[in-house]
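Scroll down for the structure; my scribbles are underneath it.
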Amino acid sequence: MKNRLKIRFFGTFSVVDNSGANLTPKGKKARGIVALLAETTTMRRGRRWLEAMLWSDRAPSQASGSLRQSLSEIRAALGKHADALRSDRSDVWLEASLIETDIDPASPLREEGRGFLEGFDVRDEAFEQWLTEARSRYDHAAAPASVAAQPLRNVVTIRSAVSEIGSVTENVVGRVLADTVARGIEQNFTAARYISASRDTPNLIPDLEIRCDAANDGGRAVAFIRIEEGASGRVLFSEHLTVPGTSADLLQSDAIHAIVNAAAAQVPAKLANQIDLTRPEAAAMGFSSLARRQLQRLDSTGLSDANENFQRAYEVDNNGVFLAWRAFVRMAQLVEAVEGDAAGWRDEVDQLASDALNQSGSNSLAVALVALTRFMLDDDLRPAAELANTAMTLNSDSLFARQTLALAHSAVGDADQAYAMSSSCRVAASRDELSHLWDLYHSLVCIGAGRLDEARQTSMNSAAKSPTFIAPRRQLVALCAQSGDFENAKAHLTALEKLEGGFTLDRYLDDPEYPNLTVRNAGLLDPVRKIKD
């Protein structure tokens, strides 16, 4: 028969075959593994997730060994049905075609009036929390509809898992770090963030669960951060970092900004592939992630496609952050001299930026994107600087906010502060899919700070990562000429002639509307005139 094993959750947990033989593992942790697997739709969980749920108080190597022992115990208990349990280096799963459960209320296995996993006892805090939430969810679902909890709709749910491992200080630091990462991800789409199960949503299974453990190790502090898809436990992101000092020093580390930015950039695209795209917020996440990848090219086609997908994101999920992205893309089209309705685009930027702030003025990413847009297009930079300060106040760990504030310091003449802040973004920026943008912005800050060799290097990095990106080549013409490297200055001029319609050296040197204001203000155009002469 197709369904050879029957797993009962309601009442006493049991595993039996078609003949009625009891195959339930005797060990509590082994039974816990079967329950955690069979409760999910996919019947699959990640190894690290299982270890964290059942051996959260053990070192990773010990937890891994304990999991292997429990899997062997389960296979022994299943006997001739052992092939129903499978595993590889990353996951453990049950062959769903061989399993029948009573999770579905209509299942003939379900015993009326029995509770979920009655008397089930596995001594691990993480598992106990899962069990409490699962009992609330399933037992509540069996209650009359008038009192049943309503699921959250049109929002991506993010939970920072609570850990009690370690000292009070380590525990608090772990919670703060997990919530910091959650805030960084949250600003990218429509989301709701929780520290634990909410009283208003007792049936909550989060879309994302973020866990962080912090510990002191001699004179070092160590943190391990992992982000899992809530239903399956599949790991979408994991990082660890070590810094000198105590666990409290982790909160001040530039490496935290790197992790926050990397998670915010990588997780949405991965999550969009895991959850139901008929949900508007999930579809918007997918469109937005695709648009960000298209921004890597920064050519006419890439910018047009990115604008279209940010528009699609907004159409299915009216979040102002997508309007801010569209304003940013339109600004890039203007700066990159993409052929189109320049006057219409300029008016559109103003409207998009205004609408974005009206709808998402408390979203650090949206505010920072509008600030960056203003920096690149406006003559009066004071409003942009004010927006940059607001973005930092809303989320000081955001790369967009930090780099924007660095540009603000540079714009008002505070070159040293601008350089220090922009430099602190370098660790985070190097791992970002838009790192060519951050290289460009850092080169602008370096020019303002008189660090011309570094400006040239970061401009070269930007151009190498995105060969069709015009802006860094505008810096490189002047920076190469300034250093006496006229051969490469001419090479970048030739590239500009190919990339930018209507480009001429006269426009570059003498047109005040040409977008090379930073090198112009720094007095770097005079060496370029030698090429003309």
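Values in this text are rule-based calculations from the coordinates and carry no lab data. Predicted model only: the values in this text are computed from it and were never measured. Methodologically, a virtual Cβ is constructed for each residue, glycine included, from the backbone with ideal geometry; neighbour enumeration extends over all protein chains shown.
Starting from the Cα gyration tensor of region 391-492, take the square roots of the eigenvalues, sort them a ≥ b ≥ c, and report rounded, prolate or oblate (rounded when a/c is under 1.5, otherwise prolate if a/b is larger than b/c, else oblate). Write out the running numbers ahead of the final one.
Numbers: a/c = 2.69, a/b = 1.57, b/c = 1.72.
Judged from the Cα gyration tensor, region 391-492 comes out oblate (a/c at least 1.5, b/c at or above a/b).
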Rounded to the nearest 500 deg cm²/dmol, what is the calculated helix-only ellipticity per residue at 222 nm for the chain, with -39500 (n - 2.57) per DSSP H run of length n ≥ 4? -17000 deg cm²/dmol
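Could you work out the local net charge near Asn261, counting Lys and Arg as +1, Asp and Glu as -1, over the other residues with Cβ closer than 13 Å to its Cβ? Show your work: numbers first, answer last.
Numbers: positive: Arg183, Arg292, Arg402, Arg426, Arg431; negative: Glu239, Asp254, Asp397, Asp432, Glu433.
Every neighbour counted, the sum reads 0.
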Per-peptide average of other Cβ atoms within 10 Å, ordering 447-455, 490-498 highest first: 447-455, 490-498
Could you run the Debye sum over the Cα atoms of region 275-320, one equal point scatterer each and no solvent, and tell me log10 of I(q)/I(0) at q = 0.18 Å⁻¹, two decimals? -0.48
If you average 1/r across every pair of different Cα atoms in region 217-314 and take the reciprocal, what Kirkwood value do you get, in Å? 15.5 Å
Subset of Lys28/Lys80; Lys6/Lys80; Lys490/Lys530 violating a 18 Å alpha-carbon distance limit: Lys28/Lys80
In region 315-347, what chymotrypsin sites (Phe, Trp or Tyr not before Pro) fall in a loop by DSSP, with at most 13 other Cβ atoms inside 10 Å? none
Quick check: from the Cα gyration tensor, does region 163-297 come out rounded (a/c under 1.5), prolate or oblate? oblate
Under a point spin-label approximation (7 Å from Cα along Cα-to-Cβ), what is the Ala59-Arg426 distance to one decimal in nm? 3.6 nm
In what sequence, highest mean first, do 516-526, 462-472 appear when ranked by Cβ atoms within 10 angstrom? 462-472, 516-526
Report the one residue of Asn261, Gly501, Val329 whose Cα lies farthest in the direction of the positive end of the charge dipole of the chain (charges on C-beta: Lys and Arg +1, Asp and Glu -1; origin at the Cα centre). Asn261
Could you list the square roots of 5 times each eigenvalue of the Cα gyration tensor of region 1-148, that is, the equivalent ellipsoid semi-axes, sorted largest first and rounded to whole Å? 24, 20, 13
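What is the local net charge at Gly302, summed over the other residues whose Cβ is closer than 12 Å to its Cβ (Lys, Arg +1; Asp, Glu -1)? Before the final figure, lay out each step's value.
On the way: positive: Arg292, Arg293, Arg297; negative: Asp299, Asp305, Glu308, Glu336.
With Lys, Arg at +1 and Asp, Glu at -1, the net is -1.
If you take the alpha carbon radius of gyration of region 2-64 and divide it by 2.2 N^0.38 Å, what ratio comes out, to two decimals?
Values: Rg = 13.3 Å, N = 63, 2.2 N^0.38 = 10.6 Å.
Ratio of Cα Rg to 2.2 N^0.38 Å: 1.25.
Among bridges DSSP assigns within the chain, what percent are antiparallel (round to 5)? Each step should come with its number before you reach the end.
On the way: 31 of 41 bridges.
Once the DSSP bridges in the chain are tallied, antiparallel ones form about 75 percent.
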Evaluate the distance, in nm, between pseudo-label points positioned 7 Å from the Cα of Thr41 and of Leu517 along their respective Cα→Cβ axes. 5.0 nm
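Just to confirm the filter: which chymotrypsin sites (Phe, Trp or Tyr not before Pro) across region 35-125 are DSSP coil and have at most 11 other Cβ within 10 angstrom of their Cβ?
Details: sites: Trp49, Trp55, Trp93, Phe116, Phe120; in loops: Trp55, Phe120.
Within region 35-125, no chymotrypsin sites (Phe, Trp or Tyr not before Pro) qualify (loop, at most 11 other Cβ atoms within 10 Å).
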Using a ≥ b ≥ c from the Cα gyration tensor of region 304-416 (square roots of the eigenvalues), is it rounded, prolate or oblate, where a/c under 1.5 gives rounded and otherwise the larger of a/b and b/c decides, a/b for prolate? oblate
Straight-line reach from Lys532: which aspartates and glutamates have Cα under 14 Å away, leaving out those fewer than 8 places along the same chain? Glu487, Asp506, Asp510
